[in-house]
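None of the figures in this text is laboratory data; all of them are computed from the coordinates on show. Only a predicted model underlies this, so the values are computations on that prediction, with no experimental measurement involved. Every residue, glycine among them, receives a Cβ derived from its backbone with ideal geometry; neighbour counts consider all protein chains shown.
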Amino acid sequence: MKEDLTMESKKILILFIAFIAIQPLIDVLTTASIFMVNTSLTVGVLLRTAYMVLALVFLLWMAKFSKNSRIFTIYLIGLALLIVINILSNLQIKDPYYLFQELKFFNKAIYFHIVLFGFLVVYRQLKDKNYNIASQTTKYLWISGMFIGVIFIIAQVTGTSLSNYSHTKVGFTGWFYAGNEVGAIMAIVLPIMALYAIEKTDSWKKSWSWIPFVLLSIGMLALGTKVGYGGIIIVLLSVLVGSLIMLLFMKKRNSTIKINLLIATFLTVVLIAITPLTPVYGNMFAHINSLGINLNFGDAVERPGDEVLVEGDEGFEPEEEETGITNEQVQNLVFSSRETYAKFVNDDFHSSPLMQQLFGLGFAGNYEIPEPGKSPTMIEMDFHDWFYSFGWITFFYMMVPLVWFVGKFLIHFVLNFKTHFTYFYILYGVAFLLGIGIAYTAGHVLTAPAVSIYLAAILAMLMVNEDLLQSK
């Protein structure tokens with residue numbers, strides 16, 4: 001009876017992890033619910049909120065047996081108290097104050113912490129039951145990526161893909177409603193697709209294992225975003241450079257490494273060759289033109305017979321140095337105008353009362369009554385949104401788990417570099433770093449439950465897989 005109970009509990013824990021695999025299905029159903037029923041309570045909101053509540057209940061129940069769960073629970077209680085202070089202070093300061101919007105944002109912003117702690121405890125329980133958490137996580141992420149890639153292809157072939165842009169730029173989101181979010185998900189999952197392909201490709205006959213990776217990459221190119229294109233380049237270069245280091249410097253003479261090195265090289269060359277045909281290529285030029293940047297090079301041509309004056313000659317006038325592109329224009333190209341709004345919110349933050357600086361401005365800062373058809377908006381750079389929305393105290397409180405776990409893993413990786421420099425750690429590391437990088441530049445990661453769940457699962461699995469979270 002006890003053994004049956006153990007098996008049942010193990011299945012429940014596995015289902016908690018398997019939820020990752022059906023994320024794209026939830027997103028497609030969310031798109032359908034948006035078009036069929038005009039409501040903010042979509043399928044995605046309901047299912048992910050229910051999942052978060054289950055994670056909380058599980059943490060509370062496990063607190064009776066696990067020291068880790070007790071620590072996580074106490075932390076979340078502290079976070080809840082800080083948010084209550086934020087709400088109470090802003091109720092007195094902000095006018096108008098949209099309580100529903102504020103609560104909706106808080107739910108999205110703390111989702112990462114709750115599911116991260118839930119994953120950490122679940123993974124710890126599964127590993128203690130001798131469950132291979134690494135291979136199963138790879139499998140579920142691969143299923144998720146495969147689903148997205150197939151959906152994009154079907155949507156493009158049938159002409160039913162949603163547009164990623166309303167004007168000027170070109171891009172498609174398949175059957176996914178939120179282009180920024182699905183782009184971030186694809187970038188995070190792509191390295192795992194590459195890892196799965198590498199692990200399966202031990203001979204040329206099995207090079208077809210890279211097909212799912214290619215399908216997802218095609219979808220990322222169809223997005224027309226810098227995140228999509230950059231994600232593919234970073235993953236391919238990671239495989240390419242990692243393979244070269246293993247072959248040349250670590251003397252790992254393995255046919256699998258050579259085969260995958262050649263495949264990654266071939267795919268990189270193909271990507272570079274087709275770049276002028278991709279949506280992101282045209283979109284970048286459209287963005288550059290909108291900034292008034294002149295890309296005409298070599299207009300000044302020295303003609304025979306022209307008198308060339310040098311410094312010291314009579315009539316010499318030094319030419320003004322043409323910078324070509326300003327720092328502000330570079331920032332706009334990278335952050336797509338987010339940096340401009342960040343400056344506005346920064347001014348708002350530093351001119352706000354001390355209570356708001358310590359505990360945050362809440363959702364979208366000190367917004368005014370919006371014009372008809374418009375609503376308050378965020379910066380869409382996650383760490384900036386965390387800081388200005390939660391203030392100095394709560395921001396640092398929220399950063400503690402992220403910095404602690406990431407720092408602990410990095411130290412462990414460096415100390416075990418020779419044994420840990422493998423495709424597994426390289427590509428899982430790239431997946432996590434891509435997520436953090438996108439969170440900083442383009443947002444929609446740490447403040448989007450549909451994306452943050454992937455990042456939380458990856459970090460939790462790596463921590464437990466390396467026994468950096470002890471059984472307590």
- How much length is gained if the chain between Leu433 and Ser9 is pulled fully straight, taking 0.36 nm per residue apart and subtracting their Cα-Cα distance, in nm to one decimal? 149.4 nm
- Item | Kirkwood Rh in Å, taken over all unlike Cα pairs in segment 1-119 | 16.7
- Could you pull out the pairs from Lys67/Lys200; Lys139/Lys169; Lys108/Lys139; Lys67/Lys226; Lys67/Lys108; Lys139/Lys418 whose alpha carbons sit more than 32 Å apart here? Lys67/Lys200; Lys139/Lys169; Lys67/Lys226
- Place a point 7 Å from the Cα of Leu91 in the direction of its beta carbon; the residues of segment 344-360 whose amide N falls under 20 Å from it are 353-360
- Item | Reduced Cα scattering model of segment 195-292, Debye log10 I(q)/I(0), q = 0.23 Å⁻¹ | -1.17
- Message: How far apart, in nanometres, would the label points at Thr340 and Asn254 be if each is projected 7 angstrom from Cα along the Cα-to-Cβ direction?
- Response: 4.9
- Message: Quick check: residue separation of Ser40 and Ser203 times 0.36 nm, minus the Cα distance between them. What number comes out in nm?
- Response: 53.7 nm
- Return the FRET efficiency for the residue pair Ile274, Leu25: r is the Cβ-Cβ distance, R0 is 35 Å, and the value is rounded to the nearest 0.05. 0.70
- Message: If packing is taken as the average number of other Cβ atoms within 10 Å across a peptide's residues, how do 173-180, 191-198 rank, most packed first?
- Response: 191-198, 173-180
- Mind jotting down a quarter of the surface of the convex hull over the alpha carbons of segment 399-472, in square nanometres, one decimal? 5.4
- Hey, with R₀ at 45 Å, roughly what FRET efficiency would Phe266 and Glu368 work out to, going by the Cβ-Cβ distance, to 0.05? 0.25
- Note on the structure: For Phe172, the residues 5 or more places away or on another chain with a placed amide H closer than 5 Å to its own amide H are Asn164, Leu223, Gly224
- Message: If the reach is capped at under 16 angstrom between alpha carbons, list the lysines near Lys64, excluding any in the same chain fewer than eight residues apart.
- Response: Lys472
- So what are the radius of gyration and Dmax for the Cα set of segment 184-224, in Å? 10.9, 34
- Message: Please compute the modelled spin-label separation between Gln470 and Lys418, points set 7 Å along Cα→Cβ, answer in nm with one decimal.
- Response: 2.7
- Compactness summary of segment 354-431: radius of gyration and Dmax from Cα atoms, Å, are 18.9, 60
- Query: Per-residue HN-Hα couplings for segment 344-361, Karplus 6.51 cos²θ - 1.76 cosθ + 1.60 at θ = phi - 60°, whole Hz, x for Gly and Pro?
  - Reply: 5, 5, 4, 5, 4, 5, 6, 9, 8, x, 4, 4, 6, 5, 7, 10, x, 7
